[in-house]
Amino acid sequence: MDDKNAIEIVECHAEGEVGDVIVGGVEPPTGDSVWDQSRFIAEDETLRNFTLNEPRGGVFRHVNLLVPPKDQKADTAFGGDSFVIVEAAALGFSLRPDEARDIAIAGMRITAATNEQLGFHHPELAGWDHISLCQVAAPVETAGGVKTGRNAVAIRPGKIDRSPCGTGCCARMAVLHAKGELAVGETFVGLSLIDSRFTCRIEAETTIGGRPAIIPSLEGRAWITGRRSLTLDPTDPWPAGYRLSDTWPNLP
């Protein structure tokens, strides 16, 4: 086993959602923008498979690669990812922890139906032509003078975000602002199924591809839970890892 090419990872979670961070062993991917870099990782799949597939990863794990900043488009009209947002009460959900599995199943079906019936095309990011996630949202209420909303975001292949979902909160703020229900500079608190929270705000209005949009911000807490090194023995017959349907549902 050669440790010289080890990938160093800090294990952590943000408000309950696992979000490990690569801190060594990986160079920034090619690409003129962060979007291009993310597409390279997605299409190449080498790093993604190595870190996320079993035996090093699993369906619950997210791994983040931090890259130097580049000029980025303010693609906050969709929150940084594309969402369909539905009312929890209309689906019979109260957004309790014991509903997580049922919400995940319903969310996957709603995401598929939305892509089939409505579709999605980002006004500036070529190739982003789908809805990624379903946010099941409770009504916005005022708590301590601050607008607050609980949600559960269903993620492929069928799990619920343990945090309030940063991109989901940004998407929801964009929707609330478009409806005249959240003003620039106003605070919005997003809550998750486990009562973790993100404190969010609309910093300014902007336009994306000629469409109204917002510039959001949010803050929350995160904790380091461990450190590990990912290595590959040259005799390992599964260098890219593997997936089985007992823990990776809906495999193609």
Item checked: Considering residues of segment 213-235 that are modelled with pLDDT under 90 and of a type in the set (D, E, K, R) only, the residue surrounded by the fewest Cβ atoms within 10 Å (Cβ to Cβ) -> 233
Next item on the list: Sort through 92, 107, 58 and tell me the only one that's in contact with a Ser or Thr (Cβ under 9 Å, 6 or more places away or on another chain) and not hydroxyl-bearing (Ser, Thr, Tyr).
Entry: 58
Item checked: Number of positions in segment 126-138 that are in a strand (DSSP E or B), more than 16 Å from residue 158 (Cβ to Cβ) and in contact with a Ser or Thr (Cβ under 8 Å, 6 or more places away or on another chain) -> 0
Next item on the list: Collect the residues in segment 44-66 that are modelled with pLDDT under 90, more than 17 Å from the chain's Cα centre (by Cα) and surrounded by fewer than 18 Cβ atoms within 10 Å (Cβ to Cβ), keeping them in residue-number order.
Entry: 54, 55
Next item on the list: Starting from residues that are closer than 22 Å to residue 179 by Cα and surrounded by 12 or more Cβ atoms within 10 Å (Cβ to Cβ), keep the ones in segment 126-140 and report whichever is farthest from the chain's Cα centre (by Cα).
Entry: 140
Check: Of all residues in segment 87-127, which are aliphatic (A, V, I, L, M) and farther than 12 Å from residue 193 by Cβ?
Finding: 89, 90, 91, 105, 106, 108, 110, 112, 113, 118, 125, 126
Note to self: Any residue that is among the polar types (S, T, N, Q), surrounded by 16 or more Cβ atoms within 10 Å (Cβ to Cβ), touching a residue at least 60 places away in the same chain (Cβ under 8 Å) and not in a strand (DSSP E or B) - is there at least one of those in segment 194-212?
What the structure shows: yes
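Per-residue answers, yes or no, for (1) touching a residue at least 24 places away in the same chain (Cβ under 8 Å); (2) over 18 Å from the mean Cα position of the chain (by Cα); (3) more than 25 Å from residue 88 (Cα to Cα):
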| site | (1), (2), (3) |
| --- | --- |
| 147 | yes, yes, no |
| 151 | yes, no, no |
| 161 | yes, no, no |
| 165 | yes, no, no |
| 233 | yes, yes, yes |
Next item on the list: Please state which one of 41, 22 is surrounded by 14 or more Cβ atoms within 10 Å (Cβ to Cβ), without any contact (Cβ under 8 Å) to a residue 60 or more places away in the chain and assigned to a helix (DSSP H, G or I).
Entry: 41
Notebook entry, point to check: With (1) crowded, with 22+ Cβ neighbours inside 10 Å; (2) in a loop (DSSP other than H, G, I, E, B); (3) under 17 Å from the mean Cα position of the chain (by Cα) as the list, and residue 182 as the residue in question, which single condition is left unmet?
Noted result: (3)
Next item on the list: Among what's in segment 94-125 and is at pLDDT 90 or above and in a loop (DSSP other than H, G, I, E, B), pick the residue that is surrounded by the most Cβ atoms within 10 Å (Cβ to Cβ).
Entry: 95
Notebook entry, point to check: Name the residues in segment 232-252 that are touching a strand residue (DSSP E or B) at 6+ places or on another chain (Cβ under 8 Å) and assigned to a loop (DSSP other than H, G, I, E, B), would you?
Noted result: 241, 243, 244, 247
Margin query: Being touching a Phe, Trp or Tyr at 6+ places or on another chain (Cβ under 8 Å) and either outside any loop (DSSP other than H, G, I, E, B) or not assigned by TED's automatic domain parsing to the domain that holds residue 159 (or both) is true for just one of 84, 59, 67. Which residue is that?
Written below: 59
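The values are calculated or read from the model by the stated rules, or taken from the named source; none is laboratory data. What you are looking at is a predicted structure, and each value in this text was computed from that prediction instead of being measured. For neighbour counting, all protein chains shown are included, and Cβ atoms are generated from backbone atoms with ideal geometry for every residue, glycine included.
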